[in-house]
Amino acid sequence: MPFFSLPESGFLSVASDDLKRMLAAQAVPVELAAGDVLFEQGTPGDSLYAILQGQMEFSILSANGRKLALDLMGPGAVFGEITLFDPGPHTATVTALTPARLLRVRHADVLDKIHHPPDLADDMIRLAGQRMRWMGRQLNEQVFLPLATRLARRLLHLGEVTGGAQSGAVGMSQAELAEFVGATREAVSKTLSNWREAGIIQTGRGGVTIHDPCALRALADLDAF
């Protein structure tokens, strides 16, 4: 079996060297075209994925059928930890926004390996706990932070993922940004308009351009949660 290198970032950044080597040894490649759905919310899952190339969108559907975009991830990101630890229904739909290359690690393959030595099982349990804390912080943001703070954080994050961190460009419409922060387009438009008047951003058909990242980071209140 060929050996693939997993990203040493995000979820895996604090994993032991032995655990990283074991997971990498079980990884198999997955190729996706733009628009391909990797998996849908509610379908069975049992795998961890790492993004080597491309951008992946994470979304859910509400009871009334409204789409809510949860996140956008790029190269180096790892996802699917929940179904790696506990196979079951996926909690979100994952779609490739661009051509993408991923690595997949299945639950059954990992379970077979962590019994010997048992230290690997301890590492996996610790990583699961850290991931649960991260999910708790995300929930706190969505429930307790005001729209302006959530929007500022999303713009900074999306700029990094889409490669606009240096240019300041975030190529998303206001409707798409509204999906990412769980708000109406009108509320997002009003907030962006205020920031545009303050010289923090510029809006146009191509999306949002960040002119004053320092001011936006202050609005994001990154020390909260």
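The values are calculated or read from the model by the stated rules, or taken from the named source; none is laboratory data. Values in this document were obtained by computation on a predicted structure and should not be read as measured data. Positions of Cβ are backbone-derived with ideal geometry, glycine not excepted, and every protein chain shown enters the neighbour counts. Only protein heavy atoms, including side chains, enter the accessible area calculation; ligands, DNA and RNA are left aside. Shrake-Rupley method; radii C 1.70, N 1.55, O 1.52, S 1.80 Å.
So that you can scan it fast, the table gives a plain yes or no per residue for (1) within 30 Å of THR184 (Cβ to Cβ); (2) hydroxyl-bearing (Ser, Thr, Tyr); (3) in contact (Cβ under 8 Å) with a residue 60 or more places away in the chain; (4) touching a Ser or Thr at 6+ places or on another chain (Cβ under 7 Å):
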position	(1), (2), (3), (4)
VAL28	no, no, yes, no
ASP46	no, no, yes, yes
GLN53	no, no, no, no
ASP71	yes, no, yes, no
GLY74	yes, no, yes, no
ALA96	yes, no, yes, no
LEU102	no, no, yes, no
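Every listed requirement among (1) over 23 Å from LYS20 (Cα atoms); (2) surrounded by 15 or more Cβ atoms within 10 Å (Cβ to Cβ) is met by GLY88 save one, (2).
When we screen ALA50, ALA92 for residues that are modelled with pLDDT of 85 or more and under 22 Å from SER5 (Cβ atoms), the only hit is ALA50. When the range 14-30 is filtered for residues that are exposed (fewer than 13 other Cβ atoms within 10 Å of the Cβ) and either under 16 Å from the mean Cα position of the chain (by Cα) or modelled with pLDDT of 90 or more (or both), only PRO29 remains.
Consider the range 55-69 and keep the residues that are among the hydrophobic types (A, V, I, L, M, F, W, C), touching a Leu at 6+ places or on another chain (Cβ under 8 Å) and free of Cβ contacts under 8 Å to residues at least 60 places away in the same chain. The one that is least open to solvent (accessible area, probe 1.4 Å) is MET56. Could you please let me know if GLN130 is touching an Asp or Glu at 6+ places or on another chain (Cβ under 9 Å), surrounded by fewer than 16 Cβ atoms within 10 Å (Cβ to Cβ), in the same structural domain as LEU48 (by the TED database) and at pLDDT below 90? For GLN130, the condition - touching an Asp or Glu at 6+ places or on another chain (Cβ under 9 Å), surrounded by fewer than 16 Cβ atoms within 10 Å (Cβ to Cβ), in the same structural domain as LEU48 (by the TED database) and at pLDDT below 90 - is not met. If you take the residues in the range 95-113 that are modelled with pLDDT of 85 or more and open to solvent by less than 20 Å² (accessible area, probe 1.4 Å), which one is nearest to PHE58 (Cα to Cα)? Step by step, filter the range 95-113, then rank; the result is ALA96.
Flag set for GLU179, criterion: modelled with pLDDT under 90, open to solvent by less than 70 Å² (accessible area, probe 1.4 Å) and assigned to a helix (DSSP H, G or I). If you filter the range 191-225 down to residues that are part of a loop (DSSP other than H, G, I, E, B) and touching a residue at least 40 places away in the same chain (Cβ under 8 Å), you find that the one that is least open to solvent (accessible area, probe 1.4 Å) is ALA224.
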